[in-house]
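One structure below.
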Amino acid sequence: MTEPALRAVGLHRRFAHPSGDVEVLRGLELQVHAGELTTVAGRSGSGKSALLALLGGFDSPDSGAVYLDGVPISEAPPWHTCAVLPQALGLANELTVAENVALPLRLRPTGEDIGARVRELLGALGIGELAERYPTEVSFGQQQRVALARAVSARPKVLLTDEPTAHLDGASIGPVLRLLRGCAAEGAAVIAATHDDRVHEIADRRVRLLDGVLTAALD
């Protein structure tokens, strides 16, 4: 079998608390292959966001390791290999919507027509008319779609999304689901931490984070 695009081995992570340290992840194991969309369920506070931070290299485990294409994430260039849609969207307010989406492509030129790629993504997400506006001039749900377009613009090998539909109305969810499936179809390993059953329904594999470990697939 080919090397997983992303592999987590024995992840432990604890956080300090006035009443005593809280161990959020307890030897967690995960493998996600290229072209696979995996969703992670779990109650609020179960550690889904903490897990994504470790998988994306934005936090370090107390023990264990994360590998991208077999390379330790500490040695990999995660800014273009692994893209993240966080709950705190982190859009640059001084840039337009289109400029935000284009930023990863300008940081890592690929020869692709940047303008065409930006128009493709904004159109697919139903926000093409917002291209010249600034993030502060659009709704939070629209900002979330801009941040998703930015995350996928450079065609990352791994895409991590934290509640990708949390701020969307019903009409906006369909395009987001299609984009997530499309990223997997293009060969990305996609992981979505979510409470939304509609996201779980499009997954190739569904797991639950419970007591710091990933349990069997959801029904």
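Key figures
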item: Projected-area average for the chain over all orientations - Cα convex hull basis, square nanometres; result: 12.7
item: Centroid-to-centroid separation of region 196-211 and region 125-159 [C-alpha atoms, Å]; result: 23
item: Over region 1-97, equivalent-ellipsoid semi-axes from the Cα gyration tensor in Å; result: 22, 21, 13
item: Residues with amide H under 5 Å from that of residue 24, placed H, sequence gap 5 or more; result: 13, 14, 15
item: Rounded, prolate or oblate (a/c below 1.5 giving rounded, otherwise prolate when a/b exceeds b/c) for region 73-193 by Cα gyration tensor; result: rounded
item: Net dipole in debye of the chain [+1 Lys, Arg Cβ; -1 Asp, Glu Cβ; about Cα centre; nearest 20]; result: 100
item: Calculated [θ] (222 nm, deg cm²/dmol) that DSSP helices of n ≥ 4 give over the chain, each run adding -39,500 (n - 2.57); result: -9000 deg cm²/dmol
item: ³J(HN,Hα), Karplus 6.51/-1.76/1.60, whole Hz, each residue of region 7-23, x for Gly, Pro; result: 9, 10, 10, x, 6, 10, 8, 10, 10, 5, 9, x, 8, x, 4, 10, 8
item: By average C-beta atoms within 10 angstrom, highest first, the peptides 41-53, 61-73; result: 41-53, 61-73
item: Semi-axis lengths (Å, descending) of the ellipsoid that matches the C-alpha gyration tensor of region 41-104; result: 25, 18, 9
item: Percent of beta bridges antiparallel (DSSP, the chain, rounded to nearest 5); result: 50
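None of the figures in this text is laboratory data; all of them are computed from the coordinates on show. Source: prediction; values computed, not measured. Virtual Cβ from ideal backbone geometry, glycine too; neighbours counted across all protein chains shown.
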